[in-house]
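Reading through the structure tokens given below for one structure.
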Amino acid sequence: MQYMHYFHKYFKLTAAMICLTYMDTPVGKMRAGATEAGICLFDFQYRKSTDGIIKRIETLSGEKFIEAPHPYFNLLEEQIAEYFAGTRKSFDLPLHLVGTPFQKSVWQGLLKVPYGETRSYKQQSIFLGNEKAIRAVATANGENSIAIIVPCHRIIGANGSLTGYGGGLPNKKWLLEHEWKHSGKSGQSELF
């Protein structure tokens, strides 16, 4: 990718390094991390489990986070701004999903939940081919390190209620209402 050529010309990225930065968004300050493979972190700065997620990423990748620029951050900022402006409904960022094979399969499944729609944990488990894995799917959703882009906020309770979200239920509600408003769908003016 052209970004990486430019990046390596001006900044020495080592194999044992994950670049880290912070970004302000309408739902709060976010931590972002990137490797040569892609964005591996986009999470709420004050989320209770963020430190554990960062430790998992460092352990599984064998790399350490360090505050440093990365060309993927420019692309991330641009696409996140478009998302919050209501003009972007999907992301085409390079992603580096760091987790167990099961977690990665759950996160890949989340990428298939359409903008402006929701699924229940049970529907997501069925989609992934194991209806009985509801709790494991919910746990993997909670371990998602790339909020908004890997849209775990689109998973709700079977009765339509908002259930659990690392960024807080008010942010989950805001994100779902934002997507519904910009989805072009009609018939439901207010969610939840």
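To the nearest 500 deg cm²/dmol, what mean residue ellipticity at 222 nm is calculated for the chain from DSSP H runs of n ≥ 4 alone, each contributing -39,500 (n - 2.57), summed and divided by the residues? The partial results should precede the final answer.
Values: 7 runs with 76 residues, N = 192.
The per-residue figure over the chain is -12000 deg cm²/dmol.
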- Task: Could you list which residues have their amide H under 5 Å from that of Ile18, counting only those 5 or more apart in sequence or on another chain, with H placed in the peptide plane?
- Result: Lys64, Phe65, Ile66
- Query: Out of residues 5 or more away from Ser120 or on other chains, whose amide H comes under 5 Å of its own, with H placed 1.01 Å from N in the peptide plane?
  - Reply: Ile156
- When the charge dipole of the range 101-182 is computed with +1 at the Cβ of Lys and Arg and -1 at the Cβ of Asp and Glu, the Cα pointing farthest to the positive end, of Leu110, Ala136, His178, is that of Ala136
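Assuming 0.36 nm per residue, please report the length gained on full extension of the stretch Lys185 to Ala158 beyond their Cα-Cα distance. Mind dumping the intermediate values first?
On the way: separation 27, 0.36 × 27 = 9.72 nm, distance 2.13 nm.
Full-extension gain reported as 7.6 nm.
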- Item | Whole-Hz couplings from phi, Karplus 6.51/-1.76/1.60, listed for the range 157-164; x for Gly and Pro | x, 4, 8, x, 7, 6, 9, x
- Any chance you could get the radius of gyration and Dmax over the Cα atoms of the chain, in Å? 16.6, 53
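None of the figures in this text is laboratory data; all of them are computed from the coordinates on show. Please read these numbers as outputs of a predicted model, since none were measured by experiment. No Cβ is skipped: glycine too gets one built from the backbone with ideal geometry, and neighbour counts run over all protein chains shown.
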